[in-house]
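Worksheet: one structure, shown below.
The values are calculated or read from the model by the stated rules, or taken from the named source; none is laboratory data. Predicted model, so just to flag it, every value in this text is computed and none were measured. Virtual Cβ from ideal backbone geometry, glycine too; neighbours counted across all protein chains shown. For accessibility, only protein heavy atoms count, side chains too; no ligands or nucleic acids. Shrake-Rupley method; radii C 1.70, N 1.55, O 1.52, S 1.80 Å.
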Amino acid sequence: MKESQYKLLVSQIASLIEGEKDLIAVMSNVAAAIHQTMGFWWTGFYRVVDGELVLGPFQGPVACMHIAFGKGVCGTAWQRAETFIVPDVEQFPGHIACSSASRSEIVVPVFGIDGKVTAVLNIDSDQLATFDETDRKYLEEICSLINPNGIK
């Protein structure tokens, strides 16, 4: 079920963002499409701006606006340039609690054409152990569609 939802979502997002040159517009619609289709509690992006992660387009309740390099799940995913799946955020050393309702999380880096992390996709659930390798596979595929040509 989840895999078939993701397969359709990937193709829908590819069509939705094809030809768009504005990164904020792309991130806005990607966050909305993932959030609406998958029903996650919080779905959004943090962009790398002046050496920190800055809140970007998202769906869900208010969120932290700035995250330092290497801090929390988002900052660690940026630092290590790899996806993190956290089944229980309370068990992640240095977790930043933007909301006490967040219980599990996945953070996927978005890479620019230079291979550097330009943003992270952060998705939170209000349930424990929501995310798995299926989420990783398809969310990484979605993030690879976001910035293939270094759009601004």
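The residues of the stretch 1-46 that are without any contact (Cβ under 8 Å) to a residue 40 or more places away in the chain and among the acidic types (Asp, Glu) amount to a single one, Glu18.
Test Ile96 against the stated conditions and say whether it is farther than 22 Å from Asp132 by Cβ, at pLDDT below 95 and of a type in the set (A, V, I, L, M). For Ile96, the condition - farther than 22 Å from Asp132 by Cβ, at pLDDT below 95 and of a type in the set (A, V, I, L, M) - is met.
Every test in (1) on the phi > 0 side of the Ramachandran plot; (2) out of contact with any Phe, Trp or Tyr (no Cβ under 7 Å at 6 or more places or on another chain) is passed by Gly51 save one, and that test is (2). Determine, yes or no, whether Gly112 is open to solvent by less than 30 Å² (accessible area, probe 1.4 Å), under 14 Å from Cys143 (Cα atoms), modelled with pLDDT under 95 and in contact with a strand residue (DSSP E or B) (Cβ under 6 Å, 6 or more places away or on another chain). Considered against the rule, which asks whether it is open to solvent by less than 30 Å² (accessible area, probe 1.4 Å), under 14 Å from Cys143 (Cα atoms), modelled with pLDDT under 95 and in contact with a strand residue (DSSP E or B) (Cβ under 6 Å, 6 or more places away or on another chain), Gly112 comes out as yes. The set of residues from the stretch 99-109 being more than 30 Å from Glu20 (Cβ to Cβ) and open to solvent by less than 20 Å² (accessible area, probe 1.4 Å) comprises just one member, Ser104. Here is the figure for the stretch 115-141: residues that are within 18 Å of Leu55 (Cα to Cα), among the hydrophobic types (A, V, I, L, M, F, W, C) and either assigned to a loop (DSSP other than H, G, I, E, B) or open to solvent by 10 Å² or more (accessible area, probe 1.4 Å) (or both) total 1.
Filtering Ile67, Ile96 for residues that are crowded, with 22+ Cβ neighbours inside 10 Å and among the aliphatic types (A, V, I, L, M) leaves a single hit, Ile67.
Does Val73 fit the bill of being in contact with a Phe, Trp or Tyr (Cβ under 6 Å, 6 or more places away or on another chain) and either over 25 Å from Ile24 (Cα atoms) or basic (Lys, Arg) (or both)? Steps first, please.
Details: in contact with a Phe, Trp or Tyr (Cβ under 6 Å, 6 or more places away or on another chain): yes; either over 25 Å from Ile24 (Cα atoms) or basic (Lys, Arg) (or both): no.
Considered against the rule, which asks whether it is in contact with a Phe, Trp or Tyr (Cβ under 6 Å, 6 or more places away or on another chain) and either over 25 Å from Ile24 (Cα atoms) or basic (Lys, Arg) (or both), Val73 comes out as no.
Here's the yes/no breakdown for (1) among the hydrophobic types (A, V, I, L, M, F, W, C); (2) modelled with pLDDT of 95 or more; (3) surrounded by 17 or more Cβ atoms within 10 Å (Cβ to Cβ); (4) out of contact with any Ser or Thr (no Cβ under 8 Å at 6 or more places or on another chain):
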{"residue": "Gln5", "(1), (2), (3), (4)": "no, yes, no, no"}
{"residue": "Asp22", "(1), (2), (3), (4)": "no, no, no, yes"}
{"residue": "Val30", "(1), (2), (3), (4)": "yes, yes, yes, yes"}
{"residue": "Ala33", "(1), (2), (3), (4)": "yes, yes, yes, yes"}
{"residue": "Gln36", "(1), (2), (3), (4)": "no, yes, no, yes"}
{"residue": "Trp42", "(1), (2), (3), (4)": "yes, yes, yes, no"}
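If you go through the stretch 55-100 and keep only what is in contact with a Lys or Arg (Cβ under 9 Å, 6 or more places away or on another chain) and touching a residue at least 60 places away in the same chain (Cβ under 8 Å), you end up with just Gly56.
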